[in-house]
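Beneath this line is the structure, given in structure tokens, with notes to follow.
The values are calculated or read from the model by the stated rules, or taken from the named source; none is laboratory data. Just so it is clear, the structure is predicted and the values come from calculations on it, not from any experiment. We place every Cβ from the backbone using ideal geometry, glycine too, and count neighbours over all the protein chains shown.
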Amino acid sequence: MREKSYLAGKRILAVDDEPDILESMQEILEDSDLDCASDYNSASEKLKNNVYDLVILDIMGVNGLQLLEESVSRMFPTVMLTAHAISPETLMSAIRKGAISYLPKETLPRLDTLLASIFKAHERGEPPWKILFEELGQFFDERFGPNWKEENKSFWSEFEVTYQISKGIGERLKHDERVTSRGI
């Protein structure tokens, strides 16, 4: 008997234009209440008309960075999952726009355990980005080169100092009525 997943029963939206990726996510996240979309328009509609515990967005083919903005504005914790758009620039853009994590599609076989770790940290108010770099720092170094953060040193220096108060959290707070109603 297998252990019940931390994501069991969580309402998750997965958006990707590749049917085989969506199918894989359905298998991997079978314990969750998974909703899928394969294009920008249907994903945007789902974001407007439903409530999700977690949103997983591809970047390419579905206008994922625009969907990220829509998802964050609805206060949905959002993870970017990409293959073709994986770069330091899209990683930084995802952080700036409020994503709680950024996963390469190469991690798809471990998606459930990575998402569970990231989502648990997010729920506890801990920095999910720290978990990402602990788990996948070597992947990024191999993919982007060992000194990839040097080109944007000021961004990464600020980011490392402010894990807990990152720009992503600030972006999400701008949409939180509990915060904005107090004039903060």
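Remarks
- Selection count where residues are under 19 Å from Leu103 (Cα atoms) and either part of a loop (DSSP other than H, G, I, E, B) or touching a residue at least 60 places away in the same chain (Cβ under 8 Å) (or both), scope the stretch 53-82: 12
- Among the residues listed as Gly98, Gly64, Gly9, the single one being exposed (fewer than 15 other Cβ atoms within 10 Å of the Cβ), at pLDDT below 95 and touching a strand residue (DSSP E or B) at 6+ places or on another chain (Cβ under 8 Å): Gly9
- Criterion (over 19 Å from Ser24 (Cβ atoms) and in contact with a helix residue (DSSP H, G or I) (Cβ under 8 Å, 6 or more places away or on another chain)) met by exactly one of Ser44, Ser73: Ser44
- For the stretch 143-181, a residue qualifies if it is outside any helix (DSSP H, G or I), modelled with pLDDT under 60 and not hydroxyl-bearing (Ser, Thr, Tyr), and the qualifying residues are Gln164, Ile165.
- Figure legend. Inter-residue proximity from the stretch 143-160: first residues free of Cβ contacts under 8 Å to residues at least 60 places away in the same chain, second residues surrounded by 12 or more Cβ atoms within 10 Å (Cβ to Cβ), beta-carbon distance below 6 Å, spacing 6+ or different chains. Indicated pairs: Phe144/Pro88; Trp156/Lys149.
- Single condition Asp31 does not satisfy, out of (1) assigned to a helix (DSSP H, G or I); (2) over 17 Å from the mean Cα position of the chain (by Cα): (1)
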